[in-house]
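**Student:** Could you have a look at this structure, given as structure tokens, before my questions?
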Amino acid sequence: AQSVTQLGSHVSVSEGALVLLRCNYSSSVPPYLFWYVQYPNQGLQLLLKYTTGATLVKGINGFEAEFKKSETSFHLTKPSAHMSDAAEYFCAVRNSGGYQKVTFGIGTKLQVIP
Amino acid sequence: EPEVTQTPSHQVTQMGQEVILRCVPISNHLYFYWYRQILGQKVEFLVSFYNNEISEKSEIFDDQFSVERPDGSNFTLKIRSTKLEDSAMYFCASSEAQRTSNEKLFFGSGTQLSVL
């Protein structure tokens, strides 16, 4: 079984400040990990993913995430928040074998304060 | 970038009525999915579909739910007799292949279903 825990359903940061959205996962096999973003009235868009190889992955819009196996974490960061980053962010996990059933976390709403 | 299209964007229905949510996946994709998100809760997997049959379904996907690809382009989710707790945002997704790590899911913008 696989699961995802996102700490903090709402996060507020000032424009220009560091963004840190936390995600911890559990998986019985090596996981594939994803961050999706959902802007208001839009669908889910893939921000970045980790499958194998380099544990620090870079995504769109300046976001990156680091896979830390020892901590079972995949936190999302961005050095400097922009107003356009305000959205809901979902961490997700999928087992590296088998069907591509993706399990999502509950989501974190990011608010950027001017 | 190609898009998954969902219609309608909002659907209001009375409890006990049947609803059909429609999706047009990306044209060369072979795998199709429905997810839903109840307000304030996580996005939940409902069902995956390949080669005209269900490949996996969750415990949420009971006999009240069915999926169909009636004409080679549309992918529909039918709820036979809606309940209040079916109110949610329903997302359709598609992917070109399933087992390789490089495949990603393309999601539609969702249909907000409200059951009154």
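**Student:** Please turn the phi angles of segment A:19-28 into ³J(HN,Hα) values with the Karplus equation 6.51 cos²θ - 1.76 cosθ + 1.60 (θ = phi - 60°), one per residue in order, whole Hz, x for glycine and proline.
**Tutor:** 9, 9, 10, 9, 8, 10, 10, 9, 7, 7
**Student:** In vacuum, with every alpha carbon of chain A counted as one equal point scatterer, what does the Debye formula give for log10 I(q)/I(0) at q = 0.09, 0.11, 0.17 Å⁻¹? Two decimals, please.
**Tutor:** -0.21, -0.32, -0.76
**Student:** Local charge sum around B:S58 (other residues, Cβ-Cβ under 13 Å, Lys/Arg +1, Asp/Glu -1)? Before the final figure, lay out the partial values.
**Tutor:** Numbers: positive: A:K101, B:R36, B:K42, B:K57; negative: B:E44, B:E56, B:E59, B:D62.
Taking every Cβ under 13 Å from that of B:S58, the sum is 0.
**Student:** Can you put A:L56, A:L47 in order, fewest other beta carbons within 10 Å first?
**Tutor:** On the way: A:L56 11, A:L47 21.
Ranking A:L56, A:L47 by Cβ neighbours within 10 Å, fewest first, gives A:L56, A:L47.
**Student:** Under the Kirkwood approximation for Rh and a Cα-based Rg, what ratio Rg/Rh is obtained for the protein assembly as shown?
**Tutor:** Values: Rg = 17.6 Å, Rh = 18.2 Å.
Result for the protein assembly as shown is an Rg/Rh of 0.97.
**Student:** Another question, if that's okay. Under 17 Å from the 7 Å Cα→Cβ point of A:Q42, by amide nitrogen: which residues of segment B:1-42?
**Tutor:** Of the residues in segment B:1-42, B:1-6 have backbone N under 17 Å from the label point off A:Q42.
**Student:** Another question, if that's okay. In vacuum, with every alpha carbon of chain B counted as one equal point scatterer, what does the Debye formula give for log10 I(q)/I(0) at q = 0.09 Å⁻¹? Two decimals, please.
**Tutor:** For chain B, the Cα-only Debye profile gives -0.21.
**Student:** Could you list the residues of segment B:1-34 with an amide nitrogen less than 16 Å from a label point located 7 Å from the Cα of B:Q64 in the Cα-to-C-beta direction?
**Tutor:** B:12-21
**Student:** Now, a different point. If amide H atoms are built 1.01 Å from N in the plane of the peptide, which residues on other chains or at least 5 residues away come under 5 Å of the amide H of A:V19?
**Tutor:** A:K78, A:S80, A:A81
**Student:** For segment A:6-14, in order, what is each residue's ³J(HN,Hα) by Karplus, 6.51 cos²θ - 1.76 cosθ + 1.60 with θ = phi - 60°, in whole Hz (x at glycine and Pro)?
**Tutor:** 10, 8, x, 7, 9, 10, 10, 9, 7
**Student:** Moving to a separate point now. Would you mind calculating the gained length between B:H10 and B:I38 on full extension (0.36 nm times residue separation, minus the Cα-Cα distance), in nm to one decimal? Walk me through the numbers before you get to the answer.
**Tutor:** Details: separation 28, 0.36 × 28 = 10.08 nm, distance 1.42 nm.
The span from B:H10 to B:I38 would gain 8.7 nm if fully extended.
**Student:** Which FRET efficiency value, to the nearest 0.05, is calculated for B:I20 and A:S28 with the Förster distance at 30 angstrom and r the Cβ-Cβ distance? Before the final figure, lay out the partial values.
**Tutor:** Numbers: r = 36 Å, r/R0 = 1.22.
So the FRET efficiency works out to roughly 0.25.
Quick note: the coordinates plus some simple rules give every number you see, no bench work behind them. Values in this document were obtained by computation on a predicted structure and should not be read as measured data. Reconstructed Cβ throughout: ideal geometry from the backbone, glycine too, with neighbour counts over all protein chains shown.
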